[in-house]
């Protein structure tokens, strides 16, 4: 059903307690801690299911105004985006 059925969607988050334990252990063992950020990470996961989107306002093809497009990769705000990126890792 439109807007309800999503096979696998989730937001991968870490609990604050786990971060504190990790930092305390690293400090105790004098381990260096690094972090990284992947720019636009959620756009890098390929979709496993078919997702179609309507043409956005301002970008409507005048020859085919009712045409929809199939996504090949996740789109910002897509419910499956974080899951697809996690699977890509």
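Just so it is clear, none of the values below were taken in a lab; they were calculated from the coordinates. Just so you know, these numbers come straight off a predicted model, no measurement behind them. FYI the Cβ positions are ideal-geometry reconstructions off the backbone, even for glycines, and counts take in every protein chain you see.
Among the residues of the stretch 23-39, write down those that are surrounded by 10 or more Cβ atoms within 10 Å (Cβ to Cβ) and under 21 Å from residue 82 (Cβ atoms).
Answer for the stretch 23-39, where residues must be surrounded by 10 or more Cβ atoms within 10 Å (Cβ to Cβ) and under 21 Å from residue 82 (Cβ atoms): just 38.
Restricting attention to the stretch 40-59, and to residues there that are surrounded by 12 or more Cβ atoms within 10 Å (Cβ to Cβ) and out of contact with any strand residue (DSSP E or B) (no Cβ under 9 Å at 6 or more places or on another chain), which single residue is nearest to residue 75 (Cα to Cα)? Show your work before the answer.
Pass one, the stretch 40-59, residues surrounded by 12 or more Cβ atoms within 10 Å (Cβ to Cβ): 41-48, 51, 55.
Among the residues that remain, those that are also out of contact with any strand residue (DSSP E or B) (no Cβ under 9 Å at 6 or more places or on another chain) are: 41-42, 48.
Values: 41: 11, 42: 7, 48: 13 Å.
Result: 42.
Which of the residues spanning the stretch 68-89 are in a loop (DSSP other than H, G, I, E, B) and under 10 Å from the mean Cα position of the chain (by Cα)?
The answer is 74, 75, 76, 77, 78, 79, 80.
Counting only residues that are closer than 22 Å to residue 80 by Cβ and assigned to a loop (DSSP other than H, G, I, E, B), how many does the stretch 40-67 have?
From the stretch 40-67, those closer than 22 Å to residue 80 by Cβ are 40-56; that's our starting set.
Now narrow it down to the ones that are assigned to a loop (DSSP other than H, G, I, E, B): 40, 44-45, 47-51, 55-56.
Number of matching residues: 10.
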